[in-house]
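Let me begin by handing over the structure; questions about it come next.
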2 protein chains.
Amino acid sequence: MAAGRVTIIDVARETGISVSSVSVALRGEPGVSDATRSLVLAAADRLGYQPDRRARGLRERRSRVVGVTFGLHQTFHAALVESLYDAAAGQGLDLVLSATTPGRDVAAAVDSLRHERCDAVLLVSPDVDAATLAELGSRQPTVLVGSDLTAPGVDTVRADDDAGMALLVGHLLERGHRTISFVDGGDAAMGATRREGYRRAMRAHGLEREIDVLPGDPSEDAGVRAATMLLARHAPPSAVLAHNDMIATGLLLTLRSAGVAVPEGLAVAGYDDTRLGALSSIDVTTVSQEPARLAEEALRLALSRAEGRSAGEASVVVPPRLVIRSTT
Amino acid sequence: MAAGRVTIIDVARETGISVSSVSVALRGEPGVSDATRSLVLAAADRLGYQPDRRARGLRERRSRVVGVTFGLHQTFHAALVESLYDAAAGQGLDLVLSATTPGRDVAAAVDSLRHERCDAVLLVSPDVDAATLAELGSRQPTVLVGSDLTAPGVDTVRADDDAGMALLVGHLLERGHRTISFVDGGDAAMGATRREGYRRAMRAHGLEREIDVLPGDPSEDAGVRAATMLLARHAPPSAVLAHNDMIATGLLLTLRSAGVAVPEGLAVAGYDDTRLGALSSIDVTTVSQEPARLAEEALRLALSRAEGRSAGEASVVVPPRLVIRSTT
DNA sequence: TTGTAGGCGTTATCAC
DNA sequence: GTGATAACGCCTACAA
């Protein structure tokens, strides 16, 4: 009960050993006898001692904590955060999360992290303009994940979405589709890149005249709206690509409840390879951004920038992977 | 660029005013002349000064930060966290998030928060046993949200799921249903309560013999499996309640693709009133736990416990709200 | 191997 | 109204 107020001094008093020796013993550093160390460790455990990260960070001038902003309702962000936890554990780092919501923008999320004095901040596909990004990135080591924005001093890690769209278009062509529409992600992160990737891939196959971009945003509702539009057409396409899996899910649900067979009547593909799309009742063809890889690279860049080992801006681009499922 | 390393000392030097006066001026406390204050504020802004929360917390022995653990892939948790942000902003608090994932359990998430020395920790529908909860709750002020577990010194805020199930059963009875099955949530938070709430409501209407609990867990796939079982029956029920909206979604998708009309052939209802269930292509009848209300109560309890104004365990139960949509 | 003396950035106390 | 000073909990010298 009284724990959380246990300090290193309590451990020292309990063992009769000096504070500095306790500190050394606790951190597993050499410079203390085995007997002393086990004594200290036992006492710390008994007392429920947890080092105060604030005090440690204050003194060490670094916290080994990386802040992460992400969209609370974005399934891909969740996947990336999960990978970040895995990668962080492997590098002895801890993560602190700050979410963006419809009522809390990236700047607010980053501000909260700034107060916390993280060593670095990771922005997962943030919904910001270039000017804001530059402003945010100027205040602390910052790495952008899953976005192709750039700002001075801000590193970027992202998947090659241009290649990803080419994979999808190629796959659909192999399946015999030629009329392939695209549901847009609006001004979401990577929105323009995926849209242009789709256009480029279509042109590369001589399908310039079939290019068809439906308006949207990164939400299931956008998929629902797009499906409704398609159903109202007298000459719908034979396949639809979506900016992400959430949109694809909205598409699928609406199409199926309208009695359209997928993929026979209309093929559908998403993007991001999220849990949502992998559900057996969705099971949508998609492209993986390889979040584990993105997470690892992002933390690596964040650390080297935090330690001042970076100059200019690094940009890591990870190759995507096609995930074929039942909707194509 | 160099910001984030701007300290109160820099502001003092810049203005030629003492550190203590700068501190007072910055916090808007009385005890400093208006001229001094505006001088300080201007300099702080110019330098991009942000107080270091670690140092402040160290000194003040409280951080005005509340830690929150939540399931990264649970849609209801996301809704609750969003409400928590709103409520926290209203109370001058900041939130620090620590997620649980398949590879990171509640204990790990709480540990991370403990290092951070939050004033209190909120556990959103944690997946823990009573012993672990008691252990976690003994270390710092802890409030449980959306769970009916109990532990010494741990406050609880939750919706009245027993009443919620009664609302749903009552609603279905009004619609003329008598054979109402229930798809279980397994050992998820509130799993037992909802199952028993269903049973109790059925018994209250003399429908004890119609009680029918299908096994499940809080996932869409559980809904898919349950629907498959129902479809194989020669005497299926006329309505199905699900432990949550995700299960209900799995049910709906499977039923519809099997050609069952909803609600005519089979009525379906979920629980939690999540974004997923609100989609126009799902549009499932459900029960809201009133997350805004839960969030407010949770923070209130967290604060009073952090300030030592609590004794024993508080338990706040919020009345649920029926949300009728097209599936019933 | 162990103990002592700063100092990290802040705020509270107490002089002036 | 203003400014020195100590203390929060910890770690890194440096001294014993």
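The values are calculated or read from the model by the stated rules, or taken from the named source; none is laboratory data. All values reported here derive from a predicted model rather than from experimental measurement. As a convention, Cβ positions derive from the backbone with ideal geometry for all residues, glycine included, and neighbour counts pool all protein chains shown.
Please name all residue pairs, on different chains or six or more residues apart, with Cβ atoms under 6 Å, provided the first residue is in the stretch B:1-16 and is more than 14 Å from every other protein chain (Cβ to nearest Cβ) and near DNA strand C (Cβ under 8 Å from one of its atoms) and the second residue is part of a loop (DSSP other than H, G, I, E, B) and modelled with pLDDT of 90 or more.
The qualifying pairs are B:Val11/B:Tyr49.
Could you go through the stretch A:41-54 and let me know if any residue there is in a strand (DSSP E or B), under 30 Å from B:Ala88 (Cβ atoms), of a type in the set (Gly, Ala, Ser) and within 11 Å of another protein chain (Cβ to nearest Cβ).
So far as the stretch A:41-54 goes, no, none of its residues is in a strand (DSSP E or B), under 30 Å from B:Ala88 (Cβ atoms), of a type in the set (Gly, Ala, Ser) and within 11 Å of another protein chain (Cβ to nearest Cβ).
Among the residues of the stretch A:103-110, is any surrounded by 23 or more Cβ atoms within 10 Å (Cβ to Cβ) and more than 13 Å from DNA strand D (Cβ to nearest atom)?
yes
Could you please give the count of residues in the stretch B:168-194 that are surrounded by fewer than 18 Cβ atoms within 10 Å (Cβ to Cβ) and among the polar types (S, T, N, Q)?
Qualifying residue count for the region: 1.
Of the conditions (1) within 30 Å of B:Arg104 (Cα to Cα); (2) more than 12 Å from DNA strand C (Cβ to nearest atom), B:Ala35 fails just one. Which one is it?
(1)
Would you mention how many residues in the stretch A:127-149 are within 18 Å of A:Leu303 (Cβ to Cβ), among the polar types (S, T, N, Q) and outside any strand (DSSP E or B)?
Qualifying residue count for the region: 1.
Still on this structure, please answer the following. The conditions are (1) hydrophobic (A, V, I, L, M, F, W, C); (2) out of contact with any strand residue (DSSP E or B) (no Cβ under 9 Å at 6 or more places or on another chain); (3) away from DNA strand D (no atom under 16 Å from the Cβ), and A:Leu95 fails exactly one of them. Which is it?
Result: A:Leu95 fails condition (2) only.
Just the residues that are outside any helix (DSSP H, G or I) and in contact with a His (Cβ under 7 Å, 6 or more places away or on another chain), please, taken from the stretch A:190-218.
Those that are outside any helix (DSSP H, G or I) and in contact with a His (Cβ under 7 Å, 6 or more places away or on another chain): A:Gly216, A:Pro218.
Among the listed residues A:Thr142, A:Thr150, A:Thr69, A:Thr75, which satisfies the condition of being facing another protein chain (nearest Cβ under 9 Å), in contact (Cβ under 8 Å) with a residue 12 or more places away in the chain and among the β-branched types (Val, Ile, Thr)?
A:Thr75
If a residue counts only when it is within 21 Å of B:Ser83 (Cα to Cα) and either hydroxyl-bearing (Ser, Thr, Tyr) or outside the structural domain of B:His171 (by TED's automatic domain parsing) (or both), which strands (runs of 3 or more DSSP E) contained entirely in the stretch B:219-315 have at least 1 such residues?
Strands (runs of 3 or more DSSP E) meeting the threshold: B:286-288.
While we're looking at this one, here's another question. Could you list all residues from the stretch B:17-30 that are of a type in the set (S, T, N, Q) and more than 8 Å from DNA strand C (Cβ to nearest atom)?
Scanning the stretch B:17-30 gives B:Ser18, B:Ser21.
In addition: Taking only pairs six or more apart or across chains, which ones have beta-carbon atoms under 6 Å, a first residue in the stretch A:241-254 that is over 16 Å from A:Gly197 (Cβ atoms), and a second residue that is of a type in the set (Lys, Arg) and surrounded by fewer than 24 Cβ atoms within 10 Å (Cβ to Cβ)?
none
Would it be correct to say that A:Leu47 is closer than 18 Å to B:Arg139 by Cβ and more than 15 Å from DNA strand C (Cβ to nearest atom)?
yes
Within the stretch A:98-119, does at least one residue satisfy the condition of being more than 10 Å from chain B (Cβ to nearest Cβ), in a helix (DSSP H, G or I) and among the hydroxyl-bearing types (Ser, Thr, Tyr)?
For the stretch A:98-119, residues more than 10 Å from chain B (Cβ to nearest Cβ), in a helix (DSSP H, G or I) and among the hydroxyl-bearing types (Ser, Thr, Tyr): absent.
So, one more: May I ask you to list the residues in the stretch B:228-243 that are within 28 Å of the chain's Cα centre (by Cα) and within 14 Å of chain A (Cβ to nearest Cβ)?
B:Ala242
Identify the residue in the stretch A:195-223 that is aliphatic (A, V, I, L, M) and more than 14 Å from chain B (Cβ to nearest Cβ) and, among all such residues, is surrounded by the fewest Cβ atoms within 10 Å (Cβ to Cβ).
A:Ala204
If you go through the stretch A:150-167, how many residues are assigned to a helix (DSSP H, G or I) and within 21 Å of the chain's Cα centre (by Cα)?
Total satisfying the criteria: 5.
Name every residue in the stretch B:256-275 that is within 11 Å of chain A (Cβ to nearest Cβ) and crowded, with 24+ Cβ neighbours inside 10 Å, in order of residue number.
B:Thr274
Of the conditions (1) crowded, with 16+ Cβ neighbours inside 10 Å; (2) within 14 Å of another protein chain (Cβ to nearest Cβ); (3) over 26 Å from B:Thr69 (Cβ atoms), B:Ser326 fails just one. Which one is it?
Among (1) crowded, with 16+ Cβ neighbours inside 10 Å; (2) within 14 Å of another protein chain (Cβ to nearest Cβ); (3) over 26 Å from B:Thr69 (Cβ atoms), B:Ser326 violates only (1).
Another one. Hey, can you tell me all the residues within the stretch B:57-97 that are in a helix (DSSP H, G or I), surrounded by fewer than 18 Cβ atoms within 10 Å (Cβ to Cβ) and within 16 Å of DNA strand C (Cβ to nearest atom)?
The answer is B:Leu58, B:Arg59, B:Glu60.
Right, another one. Is it true that some residue in the stretch A:310-317 is buried (at least 19 other Cβ atoms within 10 Å of the Cβ) and either within 13 Å of chain B (Cβ to nearest Cβ) or under 22 Å from B:Gly250 (Cβ atoms) (or both)?
No, the stretch A:310-317 contains no residue that is buried (at least 19 other Cβ atoms within 10 Å of the Cβ) and either within 13 Å of chain B (Cβ to nearest Cβ) or under 22 Å from B:Gly250 (Cβ atoms) (or both).
Here's another thing I want to ask about it. Restricting the search to the stretch A:236-252, which residues are within 11 Å of A:Thr285 (Cβ to Cβ) and in contact with a Pro (Cβ under 8 Å, 6 or more places away or on another chain)?
The one that is within 11 Å of A:Thr285 (Cβ to Cβ) and in contact with a Pro (Cβ under 8 Å, 6 or more places away or on another chain): A:Ala239.
Let me ask something else about it. The conditions are (1) more than 30 Å from B:Ala188 (Cα to Cα); (2) surrounded by 14 or more Cβ atoms within 10 Å (Cβ to Cβ); (3) more than 8 Å from DNA strand D (Cβ to nearest atom), and B:Glu29 fails exactly one of them. Which is it?
(2)
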